[in-house]
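The values are calculated or read from the model by the stated rules, or taken from the named source; none is laboratory data. Note that the structure is a prediction, hence the values are computed from the model and not measured. Positions of Cβ are generated from backbone atoms using ideal geometry, with glycine treated the same way; all protein chains shown enter the neighbour counts.
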């Protein structure tokens, strides 16, 4: 493990986290619209905008083309069936 102390690297990481947090908040705010409409698809959120495709790489490519400076984008697969998911350790 290595401790990062370079101010430029820390600032870049902070900016990426802020972009991710905005994109995540956007999805949370729109989840009730997004999930039912796009079951069985991959989604990517970048620039607080939704991109939908058959594969993760396609969704990321569309998002990157539209928002090349957004390093806080993320991709997610929406399962075809709505089901309760239990995560236990």
Total residues in the range 35-48, condition surrounded by fewer than 20 Cβ atoms within 10 Å (Cβ to Cβ), in contact with a helix residue (DSSP H, G or I) (Cβ under 7 Å, 6 or more places away or on another chain) and under 15 Å from residue 25 (Cα atoms):
2
Has the range 40-56 got at least one residue that is at positive phi and in contact with a strand residue (DSSP E or B) (Cβ under 9 Å, 6 or more places away or on another chain)?
yes
Scan the range 10-25 and report the pairs whose first residue is over 11 Å from residue 74 (Cβ atoms) and whose second residue is surrounded by fewer than 14 Cβ atoms within 10 Å (Cβ to Cβ) and modelled with pLDDT under 95, with Cβ atoms within less than 8 Å and a gap of 6+ or a chain change.
10/4; 13/4
Here are some residues: 81, 58. Which one is in contact (Cβ under 8 Å) with a residue 12 or more places away in the chain, over 13 Å from residue 27 (Cβ atoms) and not in a loop (DSSP other than H, G, I, E, B)?
58
Mind checking whether some residue in the range 20-39 is at pLDDT 95 or above, at negative phi and not in a helix (DSSP H, G or I)?
yes
